[in-house]
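Before any comments, here is the structure.
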């Protein structure tokens, strides 16, 4: 806890007798740095919240760390000492550098399962949001002190694979491609779906039976189909891995549905024996009606497995073999009911870690033309999108720096392009859909990744012009009392909030909070830059302002890196 907050809490505990004090941050910094709502004291003290706030304010005396209090209705607000704030915050950043606000090591180990792209389908823009959220969440949790395993659970078996293999076996008359084989498989899957959807009468019955037979044959390990499945599965995995490398996403563990099928069926049989599950019209279900969760289907009537069959096996494997205390699933919002059913089923199984399973949902990514669907073919391939944005960024970089060579231009363009895509996928509440527009995501003036990157690059440029070494500022004697302009103080206050933002983002799985913070930090740095000359200031003031700029650069860099975005020195 910072010293400012600690002093306020000590004062409030002493004056109210309340053991637990929860401070808030006012919506506008001009209202104060911390606020305490007095509603909860009204009943006990038999006074109105407004009167309690006034009484508390009348008893408050300024300290070295907290300069004043004020009353706004039922709130007593506190202003921290600006001089002390500047000294403590900037010194702390310059001393801790890349470890500023890094959390203490925690005993809990978590596994974050994300991405989960199915083989025999294409990696499209709709997959990017969950991939970016999961990757950033892992970085946040690790920085906050958690030991985290990054996991990818991929659907390499099931109905979608059966459809693809069925089409390849019976209806594909062309040659296999030499490259982009995974993407080609996605198109085969679309053709299979179209053929199955448009069939009628005897053809429909015939096709459906053939697909069902393929699925059963794959589950039974039929040699010829298994060979074709293994070959095409690897095509998808190779394409995925190339794309993971492009966007800077890494995994510690890969799980596959095909590995979970046998142990999943064994668990289903155990649930039948224990009468937790039951048969219904040949299928196996768990009745969750009393929990208002309907029926949870575990096995189809033909004996083939489902996601649920394999997910209960995966849950057991995770906790048994990896010694984790929490399992976090980053999966789309449309699966909310499914995960409630899964977690309830794990509880009924007597699974002791069921309450430590968490679903982090996110809404869809849409285009102007509507919903993205790999089934219907309405999609943009993720690698094509990233490559197009990189190409666009290269043109923009060339406009600004026609003297740069090809390598320098390409490196800068890639950083900007990936920032555009990643920040565009992260800078929104998980519960809100995204209409992704690559042009807007590249806007240097909007609430975008490149806008935040540009603030970082601008600070690097200032230091190059100053001739000062930014790494030495933690050793310099700085007069922080010279930093008293409103723009300076607002920037310092924002830097001081970084730890609270990181905690809220990590503990509540809300990566977008960090995005919003970085946008505001970049905006406040720009206000400071335009209102408070740095290199034109007198020597001592210049040194103080350079120290503030150095601290801002460090926080921007940490924040961007936690989102998986590079902080460039030039743009």
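Every read-out reported here was derived from the displayed coordinates using simple, explicitly stated rules and does not represent laboratory data. Computed from a predicted structure; not experimentally measured. Ideal geometry is used to build each Cβ from the backbone, glycine not excepted, and the neighbour counts take in all protein chains shown.
Each peptide in 41-51, 334-344 receives the mean, over its residues, of other Cβ atoms within 10 Å, and ordering these scores from highest gives 334-344, 41-51.
Note on the chain: semi-axes of the ellipsoid equivalent to its C-alpha gyration tensor, largest first and rounded to whole Å, are 51, 33, 18. Quick check: the distance between the Cα centres of segment 177-252 and segment 486-556, to the nearest angstrom? Measuring centre to centre over Cα atoms gives 49 Å.
Between helix 539-562 and the chain there is an angle of about 20 degrees, using the helix long axis and the longest principal axis of the Cα atoms.
Global dimensions of segment 454-535 from alpha-carbon coordinates: Rg and Dmax equal 14.6, 42 Å. Seen against the Cα atoms of the chain and their longest principal axis, helix 406-426 is set at about 80 degrees.
If we count other beta carbons within 10 Å of each Cβ, what is the order of 171, 530, fewest first?
Working: 171 12, 530 9.
If I rank by nearby Cβ atoms, fewest first, I get 530, 171.
Out of all DSSP beta bridges in the chain, what portion is antiparallel? Express it as a percent rounded to 5. The partial results should precede the final answer.
Working: 23 of 44 bridges.
Close to 50 percent.
Beyond 18 Å, what share of the Cα-Cα pairs of segment 375-430 remains, rounded to the nearest whole percent? Distances greater than 18 Å cover 43 percent of the Cα pairs.
Compute the whole-percent fraction of alpha carbon pairs in segment 114-371 spaced more than 28 Å apart.
Working: 13124 of 33153 pairs.
Result: 40 percent of Cα pairs exceed 28 Å.
Averaging 1/r over each pair of different alpha-carbon atoms in segment 420-562 and inverting the result gives 16.0 Å, the Kirkwood hydrodynamic radius. Spin-label pair residue 39-residue 503: with each label point 7 Å from Cα along the Cα-Cβ axis, the two points sit 2.2 nm from one another.
If you stretched the chain out fully between residue 443 and residue 280, how much longer would it get, using 0.36 nm times the residue separation minus the C-alpha to C-alpha distance?
Values: separation 163, 0.36 × 163 = 58.68 nm, distance 5.57 nm.
Taking residue 443 through residue 280 to full extension adds about 53.1 nm, to one decimal.
Taking the convex hull of the Cα atoms, report for segment 210-302 its projected area averaged over all directions, in nm². Intermediate values should be presented prior to the final figure.
Details: hull surface 36.7 nm².
Convex hull of Cα atoms, orientation-averaged projection: 9.2 nm².
Work out, step by step, the length gained on full extension between residue 104 and residue 47: first 0.36 nm times the residue separation, then minus their alpha carbon distance; give nm to one decimal. Could you put the intermediate results ahead of the total?
Values: separation 57, 0.36 × 57 = 20.52 nm, distance 4.11 nm.
Length gained between residue 104 and residue 47: 16.4 nm.
Between residue 352 and residue 212, the modelled labels are 4.3 nm apart [label points 7 Å from Cα along Cα→Cβ]. Which angle from 0 to 90°, rounded to the nearest 10, does the C-alpha axis of helix 498-507 make with the longest principal axis of the chain? Compared with the principal axis, the helix lies near 20 degrees.
How much length, in nm to one decimal, is gained on full extension between residue 407 and residue 569, taken as 0.36 nm per residue of separation minus their Cα-Cα distance?
Numbers: separation 162, 0.36 × 162 = 58.32 nm, distance 1.53 nm.
Between residue 407 and residue 569, full extension yields an extra 56.8 nm.
Approximating the spin labels as points 7 Å out from Cα along Cα→Cβ, the residue 466-to-residue 230 distance works out to 6.2 nm.
How much mean residue ellipticity at 222 nm does the chain get from its helices, if each DSSP H run of length 4 or more adds -39500 (n - 2.57) and you divide by all residues, to the nearest 500 deg cm²/dmol? One gets -18000 deg cm²/dmol as the mean residue ellipticity at 222 nm. Footprinting exposure proxy ranking of 260, 31, fewest other C-beta atoms within 10 angstrom first, gives 31, 260. For the chain, the relative contact order works out to 15 percent when only alpha carbon pairs closer than 8 Å and six or more residues apart are counted. Normalised by residue number, the volume inside the convex hull of the Cα atoms of segment 3-80 is 79 Å³ per residue.
Averaged over residues, the count of other Cβ atoms within 10 Å places the peptides 227-240, 110-123, 491-504 in the sequence 110-123, 491-504, 227-240, highest first. Rounded to two decimals, the Cα-based Rg/Rh of segment 507-571, with Kirkwood Rh, is 1.06.
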